[in-house]
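Down below is the structure, laid out as structure tokens.
The values are calculated or read from the model by the stated rules, or taken from the named source; none is laboratory data. The structure displayed is predicted, hence computed values, not measured ones. Cβ: placed from backbone, ideal geometry, glycine included. Neighbour counts: every protein chain shown.
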Amino acid sequence: MLSPERRPSVAERRPHFLSFSSQNGCPLVVPHLAGIEDPLPESTPDKVDVLIVGTGMVESVLAAALSWQGSNVLHIDKNDHYGDTSATMTVDQTKKWVKEVNDGKFSNCYTNAKLYVSAIIGSGDRGFSSRDFGLDLAPKILFAKSDLLSILVKSRVHQYLEFQSLSSFHTYENDSFEKLTNTKQEIFTNQNLPLMTKRNLMKFIKFVLNWEEQPDVWESYAERPICEMLIEKFKLERPQVFELMFSIGLCYNMSAKTPEVLQRIRRYLSSFDVYGPFAVLYSKYGGPGELSQGFCRSAAVGGATYKLNESLASFDPSTKTATFEDGSKVTVSEKLVISPTQAPKYSQNIPEQKYEIHRLTCVVGKSCEEWFSEGESAAVVVFPPGSLKSGNQNVVQAFILGPGSEVCPQETSVWYLSTTEQGPRAEMDLDAALEAMETSIVRESSSDLENDESIVQFGPNGETMINSVKLGQSFKEYIPRERLQFLLKLYYTQYTSTPPFSVVDPSFFDINDENSKKLITGASDNGVLYTAMPSAEISYDEVVTAAKLLYEKIVGSDDDFFDLDFGDDDDVPIHNANYENAIEDDDDDEDNDVDMNFDVNRQGTTELVGEMEI
Amino acid sequence: MNSGITSIKLVLLGEAAVGKSSIVLRFVSNDFTENKEPTIGAAFLTQRVNIGEQTVKFEIWDTAGQERFASLAPMYYRNAQAALVVYDITKPQSFIKARHWVKELHEQASKGIIIALVGNKVDIVSSGGERKVAREEAEKLAEEEGLLFFETSAKTGENVNEVFLGIGEKIPLGRPDEQSGLQNGGVRITDDQRIDLASTGSGAVAASGCNC
Ligand SMILES: Nc1nc2c(ncn2[C@@H]2O[C@H](COP(=O)(O)OP(=O)(O)OP(=O)(O)O)[C@@H](O)[C@H]2O)c(=O)[nH]1
Ligand SMILES: [Mg+2]
């Protein structure tokens, strides 16, 4: 029935207000005052092109892309909030989520959630309210040069959001936090680096910016860990190797293969100085949860219908009818896309989630400016293999957000720790990293804070002790030592089908294609497309790839994925800066050296301007 | 020359078909500043208004239908400095809904938000149609909740500009801390450490005073 050729898009097949100019691959022109002239229908439509279940990042980007392309989209979520696997949650929402995890409501996408909440949160008078916090289920950072960032600008979703810079990356070594020498000429002015090392480092950076064209350098290392190449070929020392692999490359362990690490190191370096002297941004008020909301709003403006608190009960592929828990039905003419966490009861087609990601989220009673660069409110700390007491074989990554990010009140911060270590070792690694962070911040800051006294527990067996209980012996291991006050601690295991270092594989979406697989009798989810759970990746890098693959599956081609033209004067500058003009001197900031010693962004020319004037 | 531009995020709330979008259309299509071109993106409508020395730039967020099934995102309310709660004076149900939205705003939105209660479609009454929501009743609600109150017609334009001017006048204008970005050679940094993704180049951040 479906031709293997590119199938006409929904927009092409159906007259629609957006499609008038979309012949021959011209971008869709969004008419003046789009989205506000049509009175909207009173009830949910009874027929849609695409039904999307779950409002996580990938689903939301997909919903926006499809809506702007002209598809009629119904987008639902079983929760009372947006975000699903990418949600940014209040403390109350987190409590509810933990209970659902432990009740087995998430089809094994999450297990073993343990939550400890200080009674200070929600206690009214002296404390904080649940809504003072925005806790991400899958925190992410955004590289300044990335496919998601271009889509954010193209779709203008960035206008809904606020972004801040993150330039502070630390590598934990020998019991201390080494700040990454990445900003400005730090690499070159760093007193501790011998001149030879600087030269070697420069040589490597020059190479990595277009490593693909120099196979002679790396080919013999293609199947080997990159550290061998860094040490043998570039004569780099261990601290630089670790920085390059784990802070700049954000790798998970020593065995990372050369090409994938080169790719990741370049990702960082080419993002540097796109918006300023940093490579990474994050969104205020919460990460992927905010971005999901932004894309959902964009989809709604493009015509999608939104309904929270709605769950799918089943899908009948022969009649293309989706039935909801409340008994209502909708005919889905194109495709039904579901997040695995929102699979209907009696599902039998949920893809296997083989890989564990262990996460630990803490809210602590210190704002942790010590770790941030001046004027910023965030930092990344990585714990390389072997750097922790637990003898960790995999990296622990920590992403720290202070009050300036508006995800927590003054004098507090949120710490997100995660590891790709599998099994029971993972929690030991997380605890060891937490202890190292705690010791460090207590040492670095001097102010006194009282100990937390009462804790509410939500146990792994689903028991909830709503009332404050004194921190008893049974929770002894969680007693904060020293003087760092923990307002909240949340452990959980997340599962994903995406292995470390990968983005979702195209074949993933064939698994449950009605054309390639016979239907399972009695299953409520035959013929649906499942999205992938977020991977361990701390950046947003997989999101666009996954959304595009799904888009292509539905529309037939990804040619017009966010091919939008808003048709007004306020044109969005092409996301490709002119670096000569980029540095417009602004008077009283003279000491803010704007001369970059290396212009990493000029991809073609590897000429490094103004080298090491030390 | 020295008068800055103050941006005001304004959100619309109200039952379906009360005329929210019509009010905005009337407002942004009206020629009452030198900047008559309204900007439309997928994001929101903007309109500049001169109030005395000041230019106020309204960023107007329409619900895009997400409120229909109680699915507005927190993002919608976030940092909104003003809200229009619109009802239709010929539809009592829409006034009940307006009460609900006022309550919702007090719970969800920032503390200092300025709310205007707007009874729309007065032209229907002027032309002999039946009024179903008494002016006094709405005035009472406005009084109790500290709201601005207007009766408007998006159709004739009656009182529409007054709604926005009324809000503009209540907003503390031109606070110097909000102006820093604009005085720095037009670099688009609105406040603190915010980065505009549509303007690349390291100059953008140098202005934030970020000294990293
Ligand atoms: N007579 C009269 N009709 C109006 C007025 N304002 C809006 N309308 C009509 O009311 C209907 C709904 O107006 P919209 O502006 O779409 O209302 P809305 O509140 O944006 O509706 P939704 O976006 O669907 O929630 C349209 O048919 C308008 O023409 C008015 O002041 N007087
Ligand atoms: Mg409308």
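Every condition in (1) over 21 Å from residue A:144 (Cβ atoms); (2) touching a Phe, Trp or Tyr at 6+ places or on another chain (Cβ under 9 Å) holds for residue A:219 except the one numbered (2).
Out of (1) within 16 Å of residue B:148 (Cβ to Cβ); (2) modelled with pLDDT under 85, the odd one out for residue B:101 is which? Unmet for residue B:101, out of (1) within 16 Å of residue B:148 (Cβ to Cβ); (2) modelled with pLDDT under 85: (2).
Taking the conditions (1) more than 14 Å from chain B (Cβ to nearest Cβ); (2) in contact with a Ser or Thr (Cβ under 6 Å, 6 or more places away or on another chain) in turn, residue A:295 satisfies each one other than (1).
Candidates in the range B:52-76 are the residues that are over 13 Å from the mean Cα position of the chain (by Cα) and not in a loop (DSSP other than H, G, I, E, B); of these, the one that is farthest from residue B:29 (Cα to Cα) is B:74.
Right, residue A:261: among the aliphatic types (A, V, I, L, M), more than 16 Å from residue A:196 (Cβ to Cβ) and part of a helix (DSSP H, G or I) or not? Here the answer is yes, as residue A:261 does meet what is asked. Within the range B:133-174, restricting attention to residues that are over 30 Å from residue B:55 (Cβ atoms) and buried (at least 16 other Cβ atoms within 10 Å of the Cβ), the residue that is farthest from ligand 1 (Cβ to nearest atom) is B:141. Can you tell me which residues in the range B:11-22 are surrounded by 24 or more Cβ atoms within 10 Å (Cβ to Cβ), within 7 Å of ligand 1 (Cβ to nearest atom) and among the aliphatic types (A, V, I, L, M)? Passing the criteria: only B:18. So for the range A:131-147 (the condition being among the small types (Gly, Ala, Ser), surrounded by 21 or more Cβ atoms within 10 Å (Cβ to Cβ) and over 23 Å from the mean Cα position of the chain (by Cα)), does at least one residue qualify? No, because not a single residue in the range A:131-147 is among the small types (Gly, Ala, Ser), surrounded by 21 or more Cβ atoms within 10 Å (Cβ to Cβ) and over 23 Å from the mean Cα position of the chain (by Cα). Applying the criterion of at least 1 residues that are over 26 Å from residue A:293 (Cβ atoms) and modelled with pLDDT of 90 or more to the helices (runs of 4 or more DSSP H) found wholly in the range A:127-231 leaves A:195-209, A:215-218. Just wondering, is there one or more residues in the range A:390-408 that are closer than 20 Å to residue A:137 by Cβ, under 19 Å from the mean Cα position of the chain (by Cα) and among the hydroxyl-bearing types (Ser, Thr, Tyr)? So far as the range A:390-408 goes, yes, one or more of its residues are closer than 20 Å to residue A:137 by Cβ, under 19 Å from the mean Cα position of the chain (by Cα) and among the hydroxyl-bearing types (Ser, Thr, Tyr). The strands (runs of 3 or more DSSP E) found wholly in the range B:77-167 include none carrying at least 1 residues that are in contact with a strand residue (DSSP E or B) (Cβ under 8 Å, 6 or more places away or on another chain), on the phi < 0 side of the Ramachandran plot and among the basic types (Lys, Arg). Suppose we keep only residues that are of a type in the set (S, T, N, Q) and free of Cβ contacts under 8 Å to residues at least 60 places away in the same chain within the range B:54-73. Which one would you say is nearest to ligand 1 (Cβ to nearest atom)? Residue satisfying both the conditions and the ranking: B:63.
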